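Below you'll find the structure, written out as structure tokens, and then a few comments.
Laboratory data are not the source of any read-out in this text; all were calculated from the coordinates shown. Just so you know, these numbers come straight off a predicted model, no measurement behind them. Cβ sites come from the backbone with ideal geometry, for glycine too, and all protein chains shown count toward neighbours.
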Amino acid sequence: MRFLLTDEQSDFARTVRSLLGSARVPPAVRAWADGDAGPGRALWARLAETGLFALAVPEAYEGVGPLPLELSLGFVELGRAGVPGPVVESAAAAVLLTELADEALAKRFLPGLAQGEASATLTLPGGSPYALDADAATYCFTVSAAGELRLAAGRGKVLGSTDPARRLSLPPAGGGELLAAGPAVARAAEVAGRWARLLTAAQCLGVGEALLARTVEYAKQRTQFGTPIGSFQAVKHRLADTLLDLEFARPLVWAAALSPGPGEVAAAKLAAGEASYRAAMTALQLHGAVGYTEELDLSLWLRKARPLRDAWGTPSACRAEVLRSLTPRRR
Amino acid sequence: MELTHTADVEAFRTEARDWLRAHVPARPLPSLETAEGFAAHREWEARLHADRWSVVSWPEEYGGRGVDLARWLVFEEEYWAAGAPGRVSQNGINLLAPTLFDHANAEQRARVLPSMASGEVIWAQAWSEPGSGSDLASLTSRAVRTEGGWLLSGQKTWSSRAAFADRAFGIFRSDPDTPKPHQGLTYLMFDLRAPGVTVRPIGRLDGKPAFAELFLDEVFVPDQDVIGEPGQGWRIAMSTTGNERGLTLRSPGRFLAAADRLVGLWHAQGDPSDGALRDRVADAVVGARAYELFTWANASRFAAGETIGAESSLNKVFWSQYDIALHETALDLLGADAELAEGEWAEPWVFSLAGPIYAGTNEIQRDIIAERLLGLPKGRR
Ligand SMILES: Cc1cc2nc3c(=O)[nH]c(=O)nc-3n(C[C@H](O)[C@H](O)[C@H](O)COP(=O)(O)OP(=O)(O)OC[C@H]3O[C@@H](n4cnc5c(N)ncnc54)[C@H](O)[C@@H]3O)c2cc1C
């Protein structure tokens, strides 16, 4: 077993990271929260150039995938940079359409998603009823409990999220174009849901890493009692624990990307989601009151951590899945 | 030791409950962290005051009922259980008023307290500065002597609701040449609309605009607004921080009511097969009871003439952690709806997150507990 990234994989992650590092992401997030998706879309267009969106789409439809590990590495970077928009949902929609193996549907939607020209949001049975960023996405897909895949007509009213950059809405019930129906849809939705969970886990990891990095920097610079607060043991220990949480979530995310069974994916989501939420609590506490203001860019990650922890599988749902996936050993 | 109240305390409870039942607004007021909500809450303060429920523990001459601590605690229980609005006057009532009772002169008390009780004047706390949070004594805002008073200059920050409040109280460096930072500080009250004051709102984590920073440029404060002796500001301020950390800022009634609402939520949408969540709801109930009993033990000590010092740090750490745990449990019960910003639990959750930061961070409180209550050696600071 060689449980390490290849050079190509590391290079890809670095490319995405440096692209996002030089892009002005925080203003795009704030604009997104205000309902102006322009700067966010421009960011997506630049991301498309790295091939990120093509990783979820098979070669037959202008993609290069599916490559879950590379995709996960990319999503860690999306989280680290705080990129807004239905990134997870777009990839999961691509997976759904790929799994359906309906030539006409695949041709109609996949090339655009692979190129990043189109984006999608989607709701699945058992997931949240709220569609993310339906007002900004090109397509709003819904799968009903009865296994009907539809392209929603119109967008529901935007409901505020505790993360203003996540724009939620209830897709209009029924109606819209019926794209497919039946057990194949339900099966494809199950796989898409698992990918959504995996990529959200990866995003959580990136969010947690960004929170930790910013907080470490702050703790070195902020002085109280004439000394950097990072020299206080209480501060050091919280930061050390945050690193522990994240470093032990990372291998679970990689493993789930390599072997995306329900149990592995749930374990990754559980660990990464909890690690990033705890990182947020630590970041807030160690920044003190400035951390509690929306002006500081830190808030963009702080506010993401909790919704992402719960999106596409709450910790409780993930724990249940982990246990379900274990086959009892016979004695 | 006993767990029941006397008949006259219970009679007081009934009187409070009846009044609250008749007067608490049927629908929740808008958030007191917004301009609209602030105004609505100010009206509510006036309503409370009209029937002398705004400051029940104060002497009657200032608008109170002169009740003892036991009755105050019972009133708080009823207040929060009735779902009554948050107190927009709380910084004045909980922080400035005790300072005035202990350190101000009769003229100041007569001038300041009645308008505080009625909500006519709402007070903001102007202690923190950008460079001086946990290390408050390092503050650099100045009070310079002038004819008939003082001129305040410098910057204060993170002042809760100062964007909409009327007046503020804070400590200022009046003698820059003392050997220790805790010396040479003076405690003053000033008008947030006085010439030289600029109030800049800062959006909180949820974007609500009532937080503010204050820029002070030679703001004149007459001598009559100095509390206690000039130069004694630190001692005066510290004599009242116990109120902030201890039971007056966060009375058990608040948590009893919140735990009650949580149990209601559990019954409405808890999944009986989810043992972990059920356990956390139970923990919230037990935690509220523990805090209630801990408080009654302290109140009994007060009544017996004892004082409580560093023990208030125990309160602070307990309630702030408890508050977060309770609200996180509610969010977990709500599932996908937890994310909705307009939900009933979203703002209280966001507010709970600040608990371990304000009123002295929990790291600082743990140091106080370790050093003063456990007698451990003082760390490097
Ligand atoms: C919601 C809210 C409302 C507030 N309202 C008011 C108000 O009305 N008026 C007002 O004056 N102020 C107010 N404050 C400010 C509050 O009092 C300060 O935030 C607090 O004193 C901490 O200071 P700081 O934010 O500068 O953090 P810092 O002191 O910079 O601390 C940063 C981190 O370092 C840690 N740290 C610092 N020193 C030590 C040490 N010696 N050992 C271990 N750890 C340490 C802290 O615990 C914290 O985790 C409010 C703050 C919040 C969040």
| Residue count for the stretch A:158-192, restricted to those that are in a strand (DSSP E or B) and either under 30 Å from B:Gly207 (Cβ atoms) or among the acidic types (Asp, Glu) (or both) | 5
| What number of residues within the stretch B:333-367 satisfy the criterion of being of a type in the set (Gly, Ala, Ser) and closer than 23 Å to B:Pro209 by Cβ? | 7
| Qualifying position, being within 11 Å of chain A (Cβ to nearest Cβ), away from the ligand (no atom under 16 Å from the Cβ) and either touching a Ser or Thr at 6+ places or on another chain (Cβ under 7 Å) or more than 22 Å from A:Ser299 (Cα to Cα) (or both), among B:Asp367, B:Asp332, B:Asp283 | B:Asp332
| message | From the list A:Ala181, A:Ala234, A:Ala189, exactly one residue is surrounded by fewer than 23 Cβ atoms within 10 Å (Cβ to Cβ) and under 30 Å from A:Leu151 (Cβ atoms). Which is it? | response | A:Ala181
| field | The lone exception for A:Leu308 - which of (1) within 16 Å of the ligand (Cβ to nearest atom); (2) within 13 Å of chain B (Cβ to nearest Cβ) it fails | value | (1)
| field | Residue selected from the stretch B:122-180 under the condition within 14 Å of chain A (Cβ to nearest Cβ), more than 9 Å from the ligand (Cβ to nearest atom) and crowded, with 21+ Cβ neighbours inside 10 Å, by the criterion farthest from A:Phe232 (Cα to Cα) | value | B:Ala163
| query | Are any residues in the stretch A:287-305 at the interface with another protein chain (Cβ under 10 Å from one of its Cβ atoms) and part of a loop (DSSP other than H, G, I, E, B), and if so, which ones? | reply | A:Glu294, A:Glu295, A:Leu296
| note | Going through (1) surrounded by fewer than 17 Cβ atoms within 10 Å (Cβ to Cβ); (2) out of contact with any Pro (no Cβ under 7 Å at 6 or more places or on another chain) one by one, B:Arg87 fails only at (1)
| Restricting the first residue to the stretch B:161-181 and requiring it to be under 11 Å from B:Leu139 (Cβ atoms), which pairs with a second residue that is near the ligand (Cβ under 9 Å from one of its atoms) and aromatic (Phe, Trp, Tyr) meet a Cβ separation below 6 Å and a spacing of at least six or different chains? | B:Gly170/B:Trp127
| So B:Arg142 clears everything in (1) farther than 27 Å from B:Trp349 by Cα; (2) free of Cβ contacts under 8 Å to residues at least 40 places away in the same chain; (3) within 19 Å of the chain's Cα centre (by Cα) except one condition, right? Which one? | (3)
| field | Options A:Leu284, A:Leu239, A:Leu270, A:Leu211: the member that is touching a Pro at 6+ places or on another chain (Cβ under 7 Å) and within 14 Å of chain B (Cβ to nearest Cβ) | value | A:Leu270
| query | Taking A:Gly263 and the conditions (1) more than 14 Å from chain B (Cβ to nearest Cβ); (2) at positive phi, which numbered condition does it fall short on, given that it satisfies the others? | reply | (2)
| Condition met for A:Ser316 (away from the ligand (no atom under 16 Å from the Cβ), within 11 Å of another protein chain (Cβ to nearest Cβ) and more than 26 Å from A:Arg214 (Cα to Cα)) | yes
| said: Of all residues being touching a Lys or Arg at 6+ places or on another chain (Cβ under 9 Å), part of a loop (DSSP other than H, G, I, E, B) and small (Gly, Ala, Ser) in the stretch A:38-91, which is nearest to A:Trp312 (Cα to Cα)? Just the residue, please. | reply: A:Gly85
